[in-house]
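Heads up, the thing below is written out as structure tokens.
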Amino acid sequence: LLLASSSLTLVSSLAEAHRTVEVLDFVRDRGLPVPRHDLVVALDDGVVLVQERLPAAPWRRLTTARIDAIVEINDRFAGALAARPDVPVPPLRLHRRAGPSPSHETLERYSPRSRRVLDQILRLGAGDATDQVGPDLVHVDLSAANVLFDESDHATAVVDWNLGAYRGDRLFALVQTRFDREWFVRSPKADPVETAAAAHLDTILADRIGPDTLRRYWACWLRHQLHRAMRSEPAEVVEWQLDLAESRLG
């Protein structure tokens, strides 16, 4: 096991960093498995959070049992912010009512195929008055790497909240967990165990999230991920993400 120490996490806004740390202190004081933050420091190019480094077993491949453990620890965030309506929700940004979005513009310019995907995203967001509803604590980067496990494959903590701590539907975070697994599924040497874990999470998402809401959650994540991929990834990565968008948004 790793000894408790500290690690550095970069964020972009000093005010956002302080808000995130305050929210995490609030839920940590109530027994939730998040790290203590010891320091927030502004730098020329951003902000650094010094967070507690919690004990963890060495990383192993993701199995269906570990998927279940991620779902279970995420469920511990249910209702965690019921007393904190001041905490913001993660915006889905599926519409243009608030003005142009850089991600919308990127998808519109990239290709006819990406414009069709953008049209699907905007249709899913049409008429929505609220981005997300719920009293849960939401991690907006819940990749498997941000969940710590013990030697028995029990999830022990959720770390790296550098993109912020939000209030809403905790199940929203699991769609990002599933997106992250697609990198492994699409690998030329895909591990059958990892592929089975991704399929298992698909089943969980379909069982626990209504189909319309699930499509909106996918639209949010894919809008964000496609924007990033189109700016920095090779064309084959963009194409498989467009494949995924077409299969999940229809």
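Going residue by residue through segment 179-191, is there one that turns out to be surrounded by 15 or more Cβ atoms within 10 Å (Cβ to Cβ), touching a Lys or Arg at 6+ places or on another chain (Cβ under 7 Å) and among the aromatic types (F, W, Y)?
no
Table: residues versus (1) under 28 Å from L107 (Cβ atoms); (2) at pLDDT 95 or above.
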position	(1), (2)
G125	yes, no
T130	yes, no
T156	no, yes
N162	yes, no
R167	yes, yes
F179	yes, yes
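Within segment 50-79, can you find the residues that are farther than 27 Å from G125 by Cβ and either in contact with a Phe, Trp or Tyr (Cβ under 6 Å, 6 or more places away or on another chain) or of a type in the set (A, V, I, L, M, F, W, C) (or both)?
Matches in segment 50-79: V50, L54, A56, A57, W59, L62, A65, I67, A69, I70, I73.
Do we find a residue being assigned to a helix (DSSP H, G or I) and surrounded by 13 or more Cβ atoms within 10 Å (Cβ to Cβ) anywhere in segment 27-50?
yes
Would you say R208 is closer than 15 Å to Q120 by Cα and open to solvent by 40 Å² or more (accessible area, probe 1.4 Å)? Give the derivation first.
Numbers: closer than 15 Å to Q120 by Cα: no; open to solvent by 40 Å² or more (accessible area, probe 1.4 Å): yes.
Taking the combined requirement at face value, the residue does not satisfy it.
Which fully enclosed helices (runs of 4 or more DSSP H) of segment 150-238 have 3 or more residues being of a type in the set (G, A, S) and over 14 Å from the mean Cα position of the chain (by Cα)? Walk me through it before giving the result.
Values: elements: 171-185, 192-208, 211-232.
Counting at least 3 such residues, we get 192-208.
Every residue in segment 51-77 that is open to solvent by 50 Å² or more (accessible area, probe 1.4 Å), modelled with pLDDT of 95 or more and farther than 20 Å from P35 by Cβ, please.
Matches in segment 51-77: T64, A65, D68.
Can you find a residue in segment 92-108 that is aliphatic (A, V, I, L, M) and either assigned to a helix (DSSP H, G or I) or modelled with pLDDT of 90 or more (or both)? Let's see the steps before the verdict.
Of the residues in segment 92-108, the ones aliphatic (A, V, I, L, M) are 92, 94, 98, 107.
Of the ones still in play, those that are also either assigned to a helix (DSSP H, G or I) or modelled with pLDDT of 90 or more (or both) are 107.
The answer is yes, given that some residue of segment 92-108 is aliphatic (A, V, I, L, M) and either assigned to a helix (DSSP H, G or I) or modelled with pLDDT of 90 or more (or both).
Residue by residue through segment 154-173, note down the ones that are more than 24 Å from R36 (Cβ to Cβ) and either surrounded by fewer than 24 Cβ atoms within 10 Å (Cβ to Cβ) or basic (K, R) (or both).
Passing the criteria: D169, L171.
For segment 81-90, does any single residue satisfy the condition of being in a loop (DSSP other than H, G, I, E, B), touching a Gly at 6+ places or on another chain (Cβ under 7 Å) and on the phi < 0 side of the Ramachandran plot? Write out each step before concluding.
To start, the set of residues in segment 81-90 that are in a loop (DSSP other than H, G, I, E, B) comprises 81-90.
Retained after the next criterion (residues that are touching a Gly at 6+ places or on another chain (Cβ under 7 Å)): 89-90.
Adding the requirement that they be on the phi < 0 side of the Ramachandran plot leaves 89-90.
Within segment 81-90, one or more residues are in a loop (DSSP other than H, G, I, E, B), touching a Gly at 6+ places or on another chain (Cβ under 7 Å) and on the phi < 0 side of the Ramachandran plot.
Report, by residue number, each residue of segment 51-67 that is within 20 Å of the chain's Cα centre (by Cα) and assigned to a strand (DSSP E or B).
Correct list: Q51 only.
Give segment 122-148 a look and list any residue that's assigned to a strand (DSSP E or B) and under 26 Å from V48 (Cβ atoms), or say none. Spell out the reasoning first.
Going residue by residue through segment 122-148, those that are assigned to a strand (DSSP E or B) are 136-139, 147-148.
Passing the criteria: L137, V138, H139, V147, L148.
When you scan segment 134-143, how many residues do you find that are open to solvent by less than 40 Å² (accessible area, probe 1.4 Å) and more than 10 Å from the chain's Cα centre (by Cα)?
3
Can we say D136 is farther than 20 Å from H227 by Cβ, charged (D, E, K, R) and touching a Ser or Thr at 6+ places or on another chain (Cβ under 9 Å)?
Working: farther than 20 Å from H227 by Cβ: yes; charged (D, E, K, R): yes; touching a Ser or Thr at 6+ places or on another chain (Cβ under 9 Å): no.
Answer is no for this residue.
The values are calculated or read from the model by the stated rules, or taken from the named source; none is laboratory data. Since the structure is predicted, the reported quantities are computational estimates derived from the model, not experimental observations. Cβ coordinates were reconstructed from backbone atoms using ideal geometry, including for glycine residues, and neighbour counts include every protein chain displayed. Keep in mind that these areas ignore ligands, DNA and RNA; they rest on the heavy atoms of the full protein, side chains included. Shrake-Rupley method; radii C 1.70, N 1.55, O 1.52, S 1.80 Å.
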